[in-house]
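Note sheet for the following structure.
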Amino acid sequence: MKKKILISSMTTVFFALIILTSFFVLLSNVQQIRDTKNELRNFNLLISKLDNLEILKKQDFTDIKINNITVRFKLLNENGNIIYNTENEYGSSYKDNKEFQEALEKGEGSATKYNEDGNLNLIYYATKINENKIVVSSVPIDMSKTLQNKNIKYCIGIIMVVMFLSISLYLKLIKMIIKPIKDLESVTHKMANGDYKIRVKVSSKDEIGNLGESFNNMADQLQMKIYEIVDKQNRIESILRSMESGVIAVDNDNVVISINPYAERIFGIRRNIVGKSVIEYISDYDINTFLEEDYEIDKEIKILRPVERDLKIKKSNIINGIDIIGKVITIQDITDIKKLELMRTQFVANVSHELKTPLTSIKGFAETLRYVKDDETREKFLNIIDKEAERLSRLISDILVLSNIESNVSSQNEEFLPKPIIEDSINMVRKIANNKKINLIFKDDNQELILGDKDKFYQLTLNLVENAIKYSDNNSSVQVMSYSKERYYYLEVIDNGIGIPKEDLPRIFERFYRVDKSRKKGGTGLGLAIVKHIVKTFNGDIEVKSTLGKGSTFKVKIKYI
């Protein structure tokens, strides 16, 4: 820009100098013609003062010069005929010449004529001496040589001074214009690279200063808007990151605009896929079909990779004005919900089945009793009805206990020593152990208090010890150990009974699941499920180790508060 301004300015100055020089030459020529005419007039007046014009013919006029050029004189009569000519030329008539006609009418006249070669000007001046005589003086002037004489050096000097001053002035002016623009360019570049705090220094009140102030105002507004956008973007990203639902935004070509971490975890995406096609990274046919179709807005889909999941997905359009520019897909993982629904269905079916069996027995034997006359048979049937009723009561009781624990009904938590609770539960089942000649061994090495519900801890211990006795052979032993280690409390129930098959170990804490499929032991299938839920209320954990035919070990681990 600096170069363009300098070239344009110097071109303007150059043409201005040409025009000024032309006017100077023109004015110089005009002035020279005027001065020459005045000198010729004076010469004519001097000649007219002569007393005897005959002397004119004898006079030597070679010394009369203008600009070092000899002046020519002619003496004409009233008809324009030459009486005398310093160049000794006669015969021609000046009757029709302009200067002659003016001299006859006004007493004097002048004219400028070009020579035959077109360069040399001849200036004529005619003065009327008397009624019969007119003197005409003339001198040639070369107009093209006006600037080649003494004025040429002044013209060149003026041109050089004007050019120097013009260049200096324009360089200063260019600096005044370019420097603020360069500063503005530098600030704009830094702002484009992310420095939104930088501003232009305004040092003048002219148009460039106003431009700088306008730019600073624009930068203030831009910075404020960017802060607002960044703040909104951060809020949206924080919300998306904390959502327990997947969100994917794509454009009309299914190129990812935004994706939150939950969606990346669901589909096993471990890299940034913004700006890439979502179909390349989610290779599920049902989902890709769902994205392409317009009539479906929600759907339940099962995916197999990276982990088998049940998903509920919805989509809605992203609208900018009246144009649809993309879609937002929300993904909800309903795997656990599906499992809960399945568990609820299975639970209802299991409860119905477990209740139906004793009720059927009770009803059947009760109806049979109407027709039984034998007291011994009647007593036998009544014992069966009593046993089934007790089983039914125990089943209902266990269901209520489990329901109470799962519903997180608030209980009275307190610090207590486990030893007395364990002793009470052992004493409760000692009669059963004695009947099977099972040796109950209790070892306590714990002096720390634990926090929780004593009644639930009693039920936990009772279920574990009762199960150990129930599934142990006669003349065996059951060992109960209570101890503390590294800020944890441990309760272990060890038996050397029938053990648990390896394939059944992962399911023994499920409701109504029995290792003894024949139900010979008479359990409800809810005892260990109750135990596991009680352990959770203590923020603890339970693990099982068992070898078929050698026995089982149940270990409860509870952290001290």
| Sorted by mean Cβ packing within 10 Å, highest first, what order do the peptides 24-30, 474-480 take? | 474-480, 24-30
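Please arrange LYS197, LYS338 by how many other C-beta atoms lie within 10 Å of their C-beta, fewest to most. Let's see the in-between values first.
Numbers: LYS197 9, LYS338 15.
Least crowded to most crowded, the residues run LYS197, LYS338.
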| field | Total charge dipole magnitude, segment 230-282, about the Cα centre, Cβ charges on Lys, Arg, Asp, Glu only, Debye to nearest 20 | value | 200
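Which of LYS95/LYS133; LYS338/LYS536; LYS485/LYS559; LYS339/LYS559 have a Cα-Cα distance over 20 Å?
Working: LYS95/LYS133 13 Å; LYS338/LYS536 23 Å; LYS485/LYS559 10 Å; LYS339/LYS559 30 Å.
Cα-Cα > 20 Å for LYS338/LYS536; LYS339/LYS559; rest within.
Every number here is computed from the coordinates shown, using simple stated rules; none is lab data. From a predicted model like this one, the values you see are computed outputs, not experimental measurements. Every residue, glycine among them, receives a Cβ derived from its backbone with ideal geometry; neighbour counts consider all protein chains shown.
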